[in-house]
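Everything on this sheet refers to the single structure shown next.
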Amino acid sequence: MSGVLALQCRVIGALVLRETRSTFGTTQLGYLWAIIEPAAGMALMVLIFSMLGRQPPFGSSFALFFATGILVLRFFSKLSSSLMTVFDANKALLAYPVIKETDVLFARAILIAATYAVIMFALFAGLIWFGLADVPASLDNVLQAFAATFCLGFGFGTTNAVIISFWDSWKNIERILTRPLFFISGIFYVPSHLPPAAISILKWNPVLHCVEWMRTGFYANYDSIVIDRSYLIGVALALTLSGLLSERFTRQWRAKA
């Protein structure tokens, strides 16, 4: 049993290296661009809201407030969208008996999680260095929010990957369904300040709870009346379980397709 596990770990490790080269190339600039892109988007939002004379929705830093929303949403979106196409992108590799569908899923998920861990550390450290943010009030909540976002994105992406293997048009439908996430995930406003009727609708969005959880980790006095950790974890685990089970039960059918 230990030998099989060691073999699968080596396979996943090799796949992570392959995914790294294919995603970022062989130059350091490719990986650096992964940090520059979200930083530029965040800086643009700060500039626009500052020029409009707005005050930060919470705290004293536009940059920190937007970062805690944008980075969480981008992490979820990148993970779910990348996993959605993982089977088609690795059809040639899956012809090898030693490589399983779950191996390519885990390899890509690990790479994206590691990349966004670096991105978040670099950007938040930069904000702290330039005096635009304080050290997180609760590092435990920051790490837990990151883990919950990973689980949600992994489950959503895996489930989508299985659906697309049956119905290719789902990728277009999924793109339409997830497009409003930028507006309904609390990126540029405090959800708790909205009317109760709006909160009752927005709280069904699990990504909103990821953002709120992250903010409770950075702000000592961020009292969210919206966040429901049990709901978020339940949705994330349900999607992950359904995605992995669906992949397992449809593996032979997809191999023949």
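The values are calculated or read from the model by the stated rules, or taken from the named source; none is laboratory data. Remember, it's a predicted structure, so these values are computed and weren't measured experimentally. In this analysis, Cβ positions are derived from the backbone assuming ideal geometry, glycine residues included, and neighbour counts consider all displayed protein chains. We work out accessible area using only protein heavy atoms, side chains counted, and drop any ligands, DNA or RNA first. Shrake-Rupley method; radii C 1.70, N 1.55, O 1.52, S 1.80 Å.
Things worth noting here:
- Residue match in the stretch 62-72 (condition: at pLDDT below 90, not basic (Lys, Arg) and not in a helix (DSSP H, G or I)): no
- Among residues of the stretch 216-247, those that are open to solvent by 50 Å² or more (accessible area, probe 1.4 Å), free of Cβ contacts under 8 Å to residues at least 40 places away in the same chain and over 26 Å from residue 124 (Cα atoms), counted: 3
- Restricting attention to the stretch 190-215, the residues being assigned to a loop (DSSP other than H, G, I, E, B) and open to solvent by 60 Å² or more (accessible area, probe 1.4 Å) number 3.
- Matching option when the condition is open to solvent by less than 30 Å² (accessible area, probe 1.4 Å) and either modelled with pLDDT of 90 or more or basic (Lys, Arg) (or both), among 156, 75, 150, 121: 75
- Taking each residue of the stretch 175-189 that is open to solvent by less than 100 Å² (accessible area, probe 1.4 Å) and looking for partners that are in a loop (DSSP other than H, G, I, E, B) and at pLDDT 90 or above with beta-carbon atoms closer than 8 Å, six or more apart or interchain, yields 181/205; 184/205; 185/205; 186/226.
- Restricting 142, 135 to those that are assigned to a helix (DSSP H, G or I) and either within 18 Å of residue 17 (Cα to Cα) or modelled with pLDDT of 80 or more (or both) reduces the list to 142.
- Residue in the stretch 223-257 that is modelled with the lowest pLDDT, counting only those that are under 22 Å from residue 105 (Cα atoms) and among the β-branched types (Val, Ile, Thr): 250
- Top-ranked residue of the stretch 159-170 - restricted to ones that are at pLDDT below 85 and under 12 Å from residue 85 (Cβ atoms), ranked as nearest to the chain's Cα centre (by Cα): 170
- Scope the stretch 78-97; condition closer than 14 Å to residue 15 by Cβ, of a type in the set (Ser, Thr, Tyr) and either touching a helix residue (DSSP H, G or I) at 6+ places or on another chain (Cβ under 8 Å) or modelled with pLDDT of 90 or more (or both); matching residues: 82
- Inter-residue pairs, beta-carbon under 6 Å, first more than 16 Å from residue 232 (Cβ to Cβ) and in the stretch 125-153, second at pLDDT below 90 and assigned to a loop (DSSP other than H, G, I, E, B), 6+ apart: 127/133; 132/61; 133/61; 137/220
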